[in-house]
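Inspection log for the structure reproduced underneath, given as structure tokens.
A short reminder: the numbers here are calculations on the coordinates, not readings from a lab. Keep in mind that this is a model prediction, so the values were computed, not measured. Cβ coordinates were reconstructed from backbone atoms using ideal geometry, including for glycine residues, and neighbour counts include every protein chain displayed.
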Amino acid sequence: MFALDGICWALLARLANRTAWRSLIALFMSVQLLGLAWLIFGRLSHGGWDRWLPKFAITSVFIWHCLGLPLVLLVTLAVLPILLVKAAVALIARRHRSEPTLPDDQPLWNRRQFLGFAAATVPPLFTLSLASIAMRQLNHFRVRRFVLPIRNLPPDLNGMTIAQVSDIHVGRFTSGPVLREMVNAVNQLRADLVLLTGDLINDALADLDHGIELARSMDGLVYLIEGNHDLIENGEMFESRVKASGIPFLLDETAVVSVRGSPIQLLGLSWTRAREKRDEAIASSVRQLLRQRQPDAFPILLAHHPHAFDAAAEASMPLTLSGHTHGGQLMLNERCGFGPALFRYWSGLYTRGESKLIVSNGVGNWFPLRARAPAEIVHLTLVRL
């Protein structure tokens, strides 16, 4: 990433033909490089000082390096062949021209001056504009509601409600008042079950106590599974500390709870990095977990990765709850964006036979900007079909 920053700096400086523009490019790129170094080395030191930067500054570093920098380099790669061809054509034309010709009217800015101005101003304007939008988004979420008809739902469970809270990502971007608002919104739903489907923290175990406190503040029957971000710093430590907290935590385990006098079996799938890469491993883990299924209880599978739904549907699991995708994070519309590019299931309700999957967009953020994938708490009402 540092090398790409250096290449980009060189490209932009090459376009700039005025000292002021080169100075602006140097200022912007220096700030981005220092911000990236601060975040990386602060994070690796586990000292927490990577979060001393203002949230707006961290947001700008993320947006530039995840969006702005790749766009600049892609545009450069796309335009470079065209510029080389035009330069070759101009060179040939000059060799065959008998005498130089001058344009009648000299424009206020020639093409090189305009490109220099764009090179100096577009990157910071792009980054700061999107960072401003992201800062507003970080403090907002919605409550998304579904009514799910379930065949053979026990009569006592007709109308039961579930609050699904996924991908809280307590830490760098999800902090402060929005977390209290999230807990208040969950408690106001007065759901029969509150199910947390992974990524309680963003990456740092320093935030785990706060995450546990939030889970304890939620009213009702609260159950938790792990996600990939929970294991970034130290998976074993995360699991042992959550187990010690007393919050029901399902690691390839099940729990039977009574709701409205009827038994419900919650089956919680754990996460490993191998599962992140191979769907076969996810399916094998789901099948192994489902061996614990009890025939007299209504089952609900909690799986952070939504691709677990394939094996769940094969086993006729009536309901699977997942997260992980953030609704695609950056979407042009419902069918175009990172969601469908990376996942078979990325947001909302999916049905296969009598089996249903809900994929939550998540209420928190590891990346500060969303497009057509708003943060959310999911509220489910189950009705007998």
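In this structure, L74 and R180 have a Cβ-Cβ separation that, at R0 = 35 Å, corresponds to a calculated FRET efficiency of about 0.30. Any chance you could give the angle, 0 to 90 degrees and rounded to 10, that helix 19-45 forms with the longest Cα principal axis of the chain? The angle comes out near 30 degrees. What the Cα convex hull of the range 1-91 gives, in volume per residue, is 95 Å³.
For the peptides 159-169, 59-69, 233-243, residues were scored by their other Cβ atoms within 10 Å and the scores averaged per peptide; the highest-first order is 159-169, 59-69, 233-243. Taking max minus min of the alpha-carbon positions on each principal axis, the chain gives extents of 95, 44, 35 Å, largest first. Looking only at A371, A185, A20, which one moves most when the chain is put into a Gaussian network model with springs between Cα atoms under 10 Å? Result: A20 has the largest fluctuation of those listed.
Taking all Cα pairs closer than 8 Å and separated by 6 or more residues, the relative contact order of the chain comes to 20 percent. By the count of other C-beta atoms within 10 Å, a proxy for reagent exposure, F146, F41 are ordered fewest to most as F41, F146.
What the phi angles of the range 229-237 give under the Karplus curve with 6.51, -1.76 and 1.60, with θ = phi - 60°, is a coupling list of 5, 5, 9, 4, 7, 6, x, 5, 5 Hz, glycine and proline written as x. Note on V31, V286: ascending count of other Cβ atoms within 10 Å places them as V31, V286, the fewest first. This ranking places T320, T381 by how few other beta-carbon atoms lie within 10 Å of each, fewest first, which gives T381, T320.
Within the listed set R111, R190, R14, the residue fluctuating most in the Gaussian network model of the chain (springs between alpha-carbon atoms under 10 angstrom) is R111.
Between L302, L91, L208, the GNM of the chain built on Cα springs shorter than 10 angstrom shows L91 fluctuating the most. In terms of packing, defined here as the mean over residues of other Cβ atoms within 10 angstrom, the peptides 335-344, 308-317 line up highest first as 308-317, 335-344. The packing ranking, built from the mean of other Cβ atoms within 10 Å per residue, places the peptides 359-369, 216-226 in the order 359-369, 216-226, highest first.
Each Lys or Arg adds one and each Asp or Glu takes one away; over the other residues whose Cβ falls under 12 Å from the Cβ of R51, this sums to 0.
Subtracting the Cα-Cα distance of Q294 and V143 from their residue separation scaled by 0.36 nm leaves 51.2 nm.
Taking every pair of alpha-carbon atoms in the range 143-229, give the share separated by more than 21 Å as a whole percent. Tail of P(r) above 21 Å: 33 percent of Cα pairs.
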